[in-house]
1. Modelling each spin label as a point 7 Å along the Cα-to-Cβ direction, I'd like the Arg61/Thr113 distance in nm, to one decimal.
2. May I ask you to evaluate 6.51 cos²θ - 1.76 cosθ + 1.60, the Karplus curve with θ = phi - 60°, for each residue of segment 105-113 and list the ³J(HN,Hα) values in order in whole Hz, giving x for glycine and proline?
3. Once you've got the GNM for the chain with C-alpha springs shorter than 10 Å, pick whichever of Val132, Val154, Val179 has the biggest mean-square fluctuation.
4. Taking just the alpha carbons, could you work out the radius of gyration and Dmax for segment 1-57, both in angstroms?
5. Compute the separation of the alpha-carbon centres of segment 97-136 and segment 195-210 and state it in Å as a whole number.
6. Once you wrap a convex hull around the alpha carbon atoms of segment 39-121, what is its projected area averaged over all directions, in nm²?
7. Name the long-range amide H neighbours of Ile89: under 5 Å, sequence gap of 5 or more, or other chain; modelled H, no Pro or chain starts.
8. For segment 138-236, run through the GluC sites (Glu not before Pro) and keep only the ones in DSSP coil with at most 10 other Cβ atoms within 10 Å of their Cβ.
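Please treat every number below as a calculation from the coordinates, not as lab data. Since the model is a prediction, treat every value here as computed from it, not as a measurement. Quick reminder, even Gly has a Cβ in these numbers, built from the backbone with ideal geometry, and neighbours come from all protein chains shown.
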Amino acid sequence: MAFSSSPIVTVKNASVFQEQNTVLNDISFTIDKGEFVYLIGRTGSGKSSLLKTIYADLPLRMGHMEVAGYSIENIKRKDIPFLRRKLGIVFQDFQLFYDRTVAENLFFVMKATGWTDKGKMKNRLADVLMKVGLGSVGNKMPHQLSGGEQQRIVIARALLNEPLILVADEPTGNLDPEVSDGIYRLFQEINNSGTSILMATHNHRMLKEHPGRVLKCEKGKVLDSRIDIFDYRTEY
Ligand SMILES: Nc1ncnc2c1ncn2[C@@H]1O[C@H](COP(=O)(O)OP(=O)(O)OP(=O)(O)O)[C@@H](O)[C@H]1O
Ligand SMILES: [Mg+2]
């Protein structure tokens, strides 16, 4: 099978652990190229743990996961940076360096992921800042930007290596509704250009206004709105 037609994420009979505790047990789902998927569930239900396992921050001890062509259960430590180039990660707490400019933040990631050509790096920096609607902030310090703008920088950082999928953990968690809408629209634009999105969220309003495929962590399982019948508007 050609790589382009296989799913970007395949999870098969996988269990997700935090220390000795099973957080999710024997879960299976796939995410195809270009899909936009919400990940919901009550606090402590395992959303972040699942995402961490997908981006190889938590070891996969049981079952199978394949992400962007990498087998997560067999991945070697030295290959994790390569996986992370194919998979952009967006956190709720921005994890920017606050003593460096926006440009320096993004150059740091480019250097760490193998970029060396200064000209190409500058072009890519301009491209991704333009994409998130912040073409002119390269020389600013993160604290000179609003929360919504900082989140856009984090998204720009995640886009640097043209990932196949963006994995976002409550990207609008700390933002007010209007700013959240802007961030949602940005994810939508990125998705329209072919990048898959897997977004953990507690934002009921976003789901109601922009319905889509939903995975729900519940009682150690992952329900899939494609297969299972559940009401995503119920409390979570
Ligand atoms: N670093 C950790 N060490 C040990 N246990 C943890 C750790 N992080 C999370 N857990 C536990 O794993 C379970 C799942 O937590 P997780 O953070 O994945 O939930 P979540 O769905 O992301 O919740 P939230 O909506 O609050 O972000 C919880 O019982 C939590 O207490
Ligand atoms: Mg979480």
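1. 3.0 nm
2. Working through the residues one at a time gives 4, 6, 4, 4, 5, 4, 4, 5, 10 Hz.
3. In the Gaussian network model the winner is Val179.
4. 12.6, 38
5. 27 Å
6. It is 7.3 nm².
7. Amide H to amide H, under 5 Å and 5 or more residues apart or across chains, Ile89 pairs with Val167.
8. Glu235
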